[in-house]
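Colleague: First, the structure itself, so that you have it in front of you.
The values are calculated or read from the model by the stated rules, or taken from the named source; none is laboratory data. Since we're looking at a predicted model, the values are computed, not measured. All Cβ positions, glycine included, derive from the backbone under ideal geometry; neighbour counts span all protein chains shown.
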Amino acid sequence: MLNKTFYERIWKIYWNDDIKIVLKWFDSERVTSFRVNTLKSDKNEIEAFMDENKISFKTLDFLKGAYIIDKSNEFFLKWSKMFYDWKIYVQWIASLIPWMILDPRSGEKILDVTAAPGSKTTQMCALMDNRWEIAACEQNQIRFDKLAYNIKLQWCNIIKMLKMDANKLKDKIPWLYFDKILFDAPCSAEWRINLKNEKSYWFWSVENISKKQKIQLEIFENIIPLLKVWWQLVYSTCTLAPEENEEIIDMVCRKYGFEIMDIDLNFEFARPWIKEFSWNEYCDDISKTVRILPTSVCEGFYVANLRKK
Ligand SMILES: C[S@@+](CC[C@H](N)C(=O)[O-])C[C@H]1O[C@@H](n2cnc3c(N)ncnc32)[C@H](O)[C@@H]1O
């Protein structure tokens with residue numbers, strides 16, 4: 001069982017029916033989703049494979065190349081040649097969203113700050129069709145090895161891998177080097193909690209949330225010099241704690257003058273931000289950040305789209 005404080009916080013963050021949706025999520029069977037790796041395959045091949053094997057799937061209007069299937073088909077999928085050939089990559093739907101917002105364009109230099117195991121880096125590389133420049137940083141050796149493995153087998157060959165602490169990047173890379181940055185932060189991962197699996201939550205505590213906030217803030221401060229003025233940084237987490245979401249964005253904007261930009265996400269479960277939590281009131285523009293409510297097709301997530309001023 002999760003402790004009482006966890007539930008009390010949910011009642012402070014969400015309202016009415018959304019509370020029921022959130023509580024149900026922690027106890028429910030997750031769907032399986034994946035994306036086509038366009039560096040190795042395409043929509044036609046994947047859909048023909050699904051039809052041949054009578055696997056029914058859903059797609060989403062706002063996310064091209066993503067598929068949702070019933071959990072019962074996951075085992076089959078993971079033993080298929082498609083999977084072993086890295087033509088598909090199993091990934092949460094919500095985790096596909098940050099790059100869509102970052103929307104890389106021709107010639108841009110991009111940094112993925114905390115990149116392992118590389119789901120988002122490799123997605124980006126496929127979206128960019130192996131052109132231009134992506135740097136991917138990760139400090140943990142085991143996770144870095146996973147990142148390298150993922151990158152190699154997905155045929156992503158434009159990624160510069162940096163095995164180091166993201167806080168030190170500014171000592172190695174010229175300042176104002178990057179056009180766009182993705183900071184998919186290490187977080188308390190509350191949306192990953194599954195009550196059927198104690199390993200997913202035994203470590204939950206308010207202290208852990210505060211610890212994660214400190215880590216996020218430190219990395220944030222240290223990567224700011226690397227971003228060109230007027231360019232974009234997308235911040236995301238898979239947690240529902242306001243301290244790691246709205247509060248971080250509020251602090252960074254007040255201290256470093258970032259502008260919060262709109263997110264054009266036409267998705268019915270994109271829900272409002274939190275205006276205040278624990279007597280902390282956030283800036284008005286926090287309303288432009290997005291909390292995604294977990295549903296049968298998409299996990300919970302938080303994302304903010306920022307411009308450096
Ligand atoms: C949420 S995960 C990133 C997931 C990744 N973006 C993806 O989509 O596959 C956060 C990662 O940040 C790494 N990390 C934490 N602190 C770091 C630091 N100071 N420098 C570099 N990486 C760090 C963790 O080891 C972890 O792999």
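Colleague: Which of the numbered conditions does D112 fail, given that it passes all the others? Conditions: (1) buried (at least 19 other Cβ atoms within 10 Å of the Cβ); (2) out of contact with any Cys (no Cβ under 8 Å at 6 or more places or on another chain); (3) in the same structural domain as L233 (by TED's automatic domain parsing).
Modeller: If we test D112 against (1) buried (at least 19 other Cβ atoms within 10 Å of the Cβ); (2) out of contact with any Cys (no Cβ under 8 Å at 6 or more places or on another chain); (3) in the same structural domain as L233 (by TED's automatic domain parsing), just (2) comes out false.
Colleague: Restricting to the stretch 99-109, name every residue that is in contact (Cβ under 8 Å) with a residue 24 or more places away in the chain, loosely packed, with under 14 Cβ neighbours inside 10 Å and on the phi < 0 side of the Ramachandran plot. Spell out the reasoning first.
Modeller: Within the stretch 99-109, the first condition is being in contact (Cβ under 8 Å) with a residue 24 or more places away in the chain, and the residues that meet it are 99-102, 104, 106-109.
Going one step further and asking which of them are loosely packed, with under 14 Cβ neighbours inside 10 Å, we end up with 106-107.
The answer is S106, and nothing else.
Colleague: Which of the residues spanning the stretch 273-290 are in a loop (DSSP other than H, G, I, E, B) and farther than 18 Å from D18 by Cβ? Give the steps one after another, and end with the answer.
Modeller: In the first step, residues of the stretch 273-290 are kept if they are in a loop (DSSP other than H, G, I, E, B); the result is 273-275, 278-279, 282-283, 289.
Answer for the stretch 273-290, where residues must be in a loop (DSSP other than H, G, I, E, B) and farther than 18 Å from D18 by Cβ: S278, W279, Y282, C283.
Colleague: Can you pull out the residues in the stretch 152-179 that are assigned to a loop (DSSP other than H, G, I, E, B), at pLDDT 95 or above and either touching a Phe, Trp or Tyr at 6+ places or on another chain (Cβ under 7 Å) or not acidic (D, E) (or both)? Before the answer, list the steps.
Modeller: Taking the stretch 152-179 as the starting set, the residues that turn out to be assigned to a loop (DSSP other than H, G, I, E, B) are 154-158, 164-165, 173-177.
Still in the running and at pLDDT 95 or above: 154-156, 164-165, 173-177.
Scanning the stretch 152-179 gives Q154, W155, C156, M164, I173, P174, W175, L176, Y177.
Colleague: Go through the residues of the stretch 85-98 one by one and say whether even a single one is in contact with a helix residue (DSSP H, G or I) (Cβ under 8 Å, 6 or more places away or on another chain), over 26 Å from Y302 (Cα atoms) and either exposed (fewer than 15 other Cβ atoms within 10 Å of the Cβ) or basic (K, R) (or both).
Modeller: Taking every residue of the stretch 85-98 in turn, at least one turns out to be in contact with a helix residue (DSSP H, G or I) (Cβ under 8 Å, 6 or more places away or on another chain), over 26 Å from Y302 (Cα atoms) and either exposed (fewer than 15 other Cβ atoms within 10 Å of the Cβ) or basic (K, R) (or both).
Colleague: Could you tell me how many of the residues in the stretch 209-266 are charged (D, E, K, R), under 21 Å from E108 (Cβ atoms) and not in a strand (DSSP E or B)? Give the steps one after another, and end with the answer.
Modeller: Filtering the stretch 209-266 for residues charged (D, E, K, R) gives 211-212, 214, 218, 221, 228, 243-244, 246-247, 250, 254-255, 259, 262, 264.
Of the ones still in play, those that are also under 21 Å from E108 (Cβ atoms) are 228, 259, 262, 264.
Now drop any that are not not in a strand (DSSP E or B), which leaves 262, 264.
Residues in the stretch 209-266 being charged (D, E, K, R), under 21 Å from E108 (Cβ atoms) and not in a strand (DSSP E or B): 2 in total.
Colleague: Give all pairs with beta carbons closer than 9 Å in which a residue from the stretch 56-78 that is within 12 Å of V31 (Cβ to Cβ) meets a residue that is part of a strand (DSSP E or B) and among the charged types (D, E, K, R); count only pairs at least 6 apart in sequence or on separate chains.
Modeller: What qualifies is A66/R35; Y67/R35; Y67/K58; I68/K58; I69/K58.
Colleague: Taking the stretch 182-200 only, how many residues are touching a residue at least 12 places away in the same chain (Cβ under 8 Å) and either part of a strand (DSSP E or B) or within 19 Å of the chain's Cα centre (by Cα) (or both)?
Modeller: Total meeting the criteria: 13.
Colleague: Still on this structure: Out of the residues in the stretch 136-168 that are touching a helix residue (DSSP H, G or I) at 6+ places or on another chain (Cβ under 7 Å) and of a type in the set (V, I, T), which is surrounded by the fewest Cβ atoms within 10 Å (Cβ to Cβ)?
Modeller: I158
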